Amino acid sequence: MRGSYTTLRQAVERGEATFTQAVEEFLERIYRENPRLNALLEVYENEALEAARRWDKAVQEGAALPPLAGLVYVHKDNIAVANHRLGAASRILEGYISPFDATVIERLKAAGAICIGRANCDEFAMGSSNENSAYGPVQHPQLEGYVPGGSSGGSAAAAAAGFCHVALGSDTGGSIRQPAAFCGLYGLKPTYGHVSRYGLIAYASSFDQIGPIAAALEDLIAVHQTIAGFDPKDATTASVKPEPFSPDLPPPKRWAFLLPEGLHPQVETAVGALMRKLGEAGFFVEQVGFPYWDYLIPTYYILTTAEASSNLSRYDGVRYGYRTKNPATLEALYARSRSEGFGREVKRRILLGTFVLSAGYYEAYYTRAQKVRRLLYDYTETLFQQYDVIAMPTSATPPFRLGEKTQDPIQMYLSDLLTVYANLTGHPALQIPIGNFVGLQVMGPLFTENRLFSAAYAVATLDK
Ligand code: GLN
């Protein structure tokens, strides 16, 4: 693993490194590798170097540094950075420049972190392989010809290729955790309402959360703790402050494992081995049946497409980005701008969402799905009365080949089986790499991110 931010910061404080050198090294790797990976859509070279020089100067002058001074990160193309392009990897936002910073960006800036670029992703964060981007797919950094996962595939590939310390992604149904698993990294989907969505392009608002992806757990934790907490600009944020974290906190003892049928042998073996080691190390480990596997994907796709069809109605060819040429009528301007601007998968979801919300079907689909969502939440809360964490693989398969699932949307949707669960219930979930591009995710009660971090430290110790 390349150096973490903590290591860099210590080296800078000892006078053995500078933030400018660190940024130059990141830039060098970006210019060498990004043409092959297509992970970043834009590089903020001048701004990043300027910020690094500013922090180096502060060091020379003996000034106090803010907590994340010189931490280098990238943002997914659906998180707004003032005066920069923002596109959700869609043609419909062609040419759009954000006039403001998302709250997470504002907080990272205030903490001294340096934004080095904008990461590719699936269009409007819809996808599991980063093949739905209007700007082309992203390559897996280590497995040639394979996908990095999605929808935050550019973010994960950037973190894995050493383009940054931390990458910001968004997770509606797994888009932080699954690509982090495919690329061998940590990835956190925070508790719903813990991180502000102000400045995040909405896909499904009652599911979306912004979170970090990183090779080093301590960097992920530092960024999460900086961006989390109440924001007056997002009424769905809770007034819960992230508690300080220490790796010495005792790890969770009682682990419930949920293992659906049909896991890829590589995943089954890795998770099985880990369960044994946890048991040998004195943890209480139990495999628990889960009665709702069959309901997760349908419920997720009914509710998220419903929300998406409403959220995406604002892209009308008038307000943002792309507008069709020479429309004959106002109606044609709307219809043609949307037909030409949105990609296939986005259109499929708008159609599906409009259908499930239509007068004759609303009760049959949308209302029922809401009821299932409630049931899942209640069931999960009862599990947390008996267990400290719920663990399961992050993805049922290791990374797949580019093009392998593009012809079959149902197969693509099924690959989200294990991750959509935590977004349906709102619980926090942390992806932990356990080798060979296989991931384990742990879920905890609401706002127990620190418990999940302790679990990750425990797993890392066992793996040594
Ligand atoms: N792959 C899932 C989907 O396509 C999740 C996407 C996400 O989390 N943004 O909806």
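Using θ = phi - 60° in the Karplus curve 6.51 cos²θ - 1.76 cosθ + 1.60, the 3J(HN,Hα) couplings for the stretch 167-181 round to 10, 8, x, 10, 9, 9, x, x, 5, 9, 6, 5, x, 4, 5 Hz; x is entered for Gly and Pro.
If you plug the beta carbon distance of residue 241 and residue 331 into 1/(1 + (r/R0)^6) with R0 = 51 Å, you get a FRET efficiency near 0.55. A full extension of the chain between residue 295 and residue 110 corresponds to an added length of 62.4 nm, given 0.36 nm per residue minus the alpha carbon distance.
Highest mean packing comes first when the peptides 214-226, 32-44 are listed by Cβ atoms within 10 Å, giving 214-226, 32-44. The value of relative contact order for the chain, using C-alpha pairs under 8 Å at least six residues apart, is 17 percent.
In this label model, residue 10 and residue 404 are separated by 3.8 nm, measuring between points 7 Å along each Cα→Cβ vector. Ordering 86-92, 192-198 by mean Cβ neighbour count within 10 Å, with the highest value first, yields 86-92, 192-198.
When the helices of the chain are scored as -39500 (n - 2.57) per DSSP H run of n ≥ 4 and the total is divided over every residue, the value at 222 nm lands at -12500 deg cm²/dmol. Legend: translational diffusion of the stretch 144-212 by Stokes-Einstein, Rh = Kirkwood radius over C-alpha pairs, 4 °C, 1.567 mPa s; D = 108 µm²/s.
For 248, 77, the ranking by accessible surface with the largest value first comes to 248, 77, using a 1.4 Å probe. Relative to the Cα centre, the charge distribution of the chain, modelled as +1 at Lys and Arg Cβ and -1 at Asp and Glu Cβ, gives a dipole magnitude of about 660 debye. Summary value for the stretch 70-187: 26 percent relative contact order, contacts being C-alpha pairs under 8 angstrom separated by 6+ residues. Which shape class applies to the chain: rounded if a/c is under 1.5, otherwise prolate when a/b exceeds b/c and oblate if not, where a ≥ b ≥ c are the square roots of the Cα gyration tensor eigenvalues? Because a/c hits 1.5 or more and a/b fails to exceed b/c, the chain counts as oblate. Restriction of the trypsin sites (Lys or Arg not before Pro) in the stretch 264-330 to DSSP coil positions whose beta-carbon has at most 12 other beta-carbons within 10 angstrom yields 319, 325. For residue 325, give me every one of the lysines with a C-alpha distance below 24 angstrom, ignoring sequence neighbours fewer than eight places off in its own chain. The qualifying lysines are 347. With the highest mean first, a sort of the peptides 448-455, 345-352 on other beta-carbon atoms found within 10 angstrom per residue produces 448-455, 345-352. Among the listed pairs 76/371; 76/405; 76/253; 241/277; 277/371; 109/189, which are separated by more than 27 Å between their Cα atoms? From the list (76/371; 76/405; 76/253; 241/277; 277/371; 109/189), the Cα-Cα distance tops 27 Å for 76/371; 76/253; 241/277; 277/371.
The values are calculated or read from the model by the stated rules, or taken from the named source; none is laboratory data. All figures in this text were calculated on a predicted structure; none of them were measured in a lab. We place every Cβ from the backbone using ideal geometry, glycine too, and count neighbours over all the protein chains shown. These accessible areas exclude ligands, DNA and RNA; they are computed on the full protein's heavy atoms, side chains included. Shrake-Rupley method; radii C 1.70, N 1.55, O 1.52, S 1.80 Å.
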